[in-house]
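Below is one structure, written out as structure tokens, with a few remarks after it.
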Amino acid sequence: MKIVVIGGSGLIGSRLVKLLTEAGHEALAASPRTGVNAVTGEGLNDALADADVVVDVTNAPSWEPQAVLDFFRTSARNLGKAEVAAGVRHHVALSIVGCERTPENAYFVAKVAQEEVIEAAGVPYTIVRATQFMEFIGGIADFGTEGGTVRLGDGLFQPIAADDVAAALSQVALGAPLNGTVEIAGPDRAPFAEIVGRYLKSAGDPRPVVTDPDARYYGGRVEEQSLVPLGEARIGRISLDQWLAQANKG
């Protein structure tokens, strides 16, 4: 099976390409680095020739509201048109758990727009919504730091390891399209401050972490269940403690 991974050079895409290749499939890492640009359309037709499945794990280069919206809308439209022309049988896209519940977060709004374009494109699809990656917890702590203190909203948090995200995407890509959404999350669900506090403690970072109901998550207010699955979700195998132990080796 030929599977084209759009954004195949990044955190998730590189892992996914490796998994698919090891499983015996022809996995193509497509990104601007390899001459394929979903926003401009450059290289798309050649990359998608004879492709059975396309997996989109791209990340916007800018989080400015209009720029990120334009990125995901344009790339999704270009991919849809190219996939129809190539006869692609399954489009898989990585999105975010709760993106429709945080309208103040420009990135989340853009992901909702991307999902809408995918649903209208005419290609059988599956959208995989993931919780935040464990690999990004440090960046979240930095974003929430004011005067040496990390301030976070009082919602729940359920981060997932990038390896588990790639594994879930591989499983979905090799299955039949659902024309719907799958949610994936990590095994640990706890208050935002507790998860980030565990991360900082394991890294030897002395910054205190406090819960602040007014703190924003990349521009959006976090309610109790803004960032976690509300219903059934596929749960990753890597716990936060396992991930932390591996991340802090050496």
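Name the helices (runs of 4 or more DSSP H) wholly inside segment 1-103 in which the number of residues that are small (Gly, Ala, Ser) is 2 or more. Show your work before the answer.
Details: elements: 11-22, 44-48, 65-86.
Counting at least 2 such residues, we get 11-22, 65-86.
May I ask you to list pairs of residues, at least six apart or on different chains, whose Cβ atoms are under 7 Å apart, with the first in segment 142-168 being basic (Lys, Arg) and the second being buried (at least 23 other Cβ atoms within 10 Å of the Cβ)?
Here the result reads ARG151/GLY144, each pair linking segment 142-168 to a residue that is buried (at least 23 other Cβ atoms within 10 Å of the Cβ).
Before we move on, is THR149 in contact with a strand residue (DSSP E or B) (Cβ under 7 Å, 6 or more places away or on another chain), surrounded by 19 or more Cβ atoms within 10 Å (Cβ to Cβ) and of a type in the set (S, T, N, Q)?
In short, no.
Does ALA29 fit the bill of being within 27 Å of ILE184 (Cα to Cα) and modelled with pLDDT of 95 or more?
Numbers: within 27 Å of ILE184 (Cα to Cα): yes; modelled with pLDDT of 95 or more: yes.
Spelling it out, ALA29 is indeed within 27 Å of ILE184 (Cα to Cα) and modelled with pLDDT of 95 or more.
Identify all residues within segment 19-48 that are free of Cβ contacts under 8 Å to residues at least 24 places away in the same chain and over 19 Å from LYS81 (Cα atoms); write none if there are none.
THR21, GLU22, GLY24
What about ILE195, is it buried (at least 21 other Cβ atoms within 10 Å of the Cβ), assigned to a strand (DSSP E or B) and modelled with pLDDT of 95 or more? First the steps, then the outcome.
Working: buried (at least 21 other Cβ atoms within 10 Å of the Cβ): yes; assigned to a strand (DSSP E or B): no; modelled with pLDDT of 95 or more: yes.
So ILE195 does not fit the description; no.
What about LEU69, is it surrounded by 15 or more Cβ atoms within 10 Å (Cβ to Cβ) and touching a strand residue (DSSP E or B) at 6+ places or on another chain (Cβ under 8 Å)?
Here the answer is no, as LEU69 does not meet what is asked.
Taking the criterion of being under 22 Å from the mean Cα position of the chain (by Cα) and loosely packed, with under 14 Cβ neighbours inside 10 Å, would at least one residue in segment 204-212 satisfy it?
No, segment 204-212 has no match at all.
Taking VAL165, is it modelled with pLDDT of 95 or more, under 14 Å from VAL128 (Cβ atoms), buried (at least 17 other Cβ atoms within 10 Å of the Cβ) and touching a Ser or Thr at 6+ places or on another chain (Cβ under 8 Å)?
Working: modelled with pLDDT of 95 or more: yes; under 14 Å from VAL128 (Cβ atoms): yes; buried (at least 17 other Cβ atoms within 10 Å of the Cβ): yes; touching a Ser or Thr at 6+ places or on another chain (Cβ under 8 Å): no.
The answer is no for VAL165.
Restricting to segment 20-38, and then to whatever is of a type outside the set (S, T, N, Q) and either surrounded by 18 or more Cβ atoms within 10 Å (Cβ to Cβ) or in contact with a Leu (Cβ under 6 Å, 6 or more places away or on another chain) (or both), can you tell me which residue is farthest from PHE71 (Cα to Cα)?
HIS25
From the residues in segment 222-250 that are part of a loop (DSSP other than H, G, I, E, B) and farther than 24 Å from THR181 by Cβ, which one is farthest from the chain's Cα centre (by Cα)?
Selected residue: GLY250.
Just the residues that are under 15 Å from the mean Cα position of the chain (by Cα) and either in a loop (DSSP other than H, G, I, E, B) or within 17 Å of GLU194 (Cα to Cα) (or both), please, taken from segment 158-182.
Within segment 158-182, GLN158, PRO159, ILE160, ALA161 qualify.
Mind checking which residues of segment 111-142 are under 30 Å from VAL210 (Cβ atoms) and in a helix (DSSP H, G or I)?
Once the filter is applied, which keeps residues that are under 30 Å from VAL210 (Cβ atoms) and in a helix (DSSP H, G or I), segment 111-142 yields LYS111, MET134, GLU135, PHE136, ILE137, GLY138, GLY139, ILE140, ALA141, ASP142.
The values are calculated or read from the model by the stated rules, or taken from the named source; none is laboratory data. Quick caveat, the model's predicted, so the values are computed rather than measured. Neighbour counts run over all protein chains shown; Cβ positions are idealised from the backbone, glycine included.
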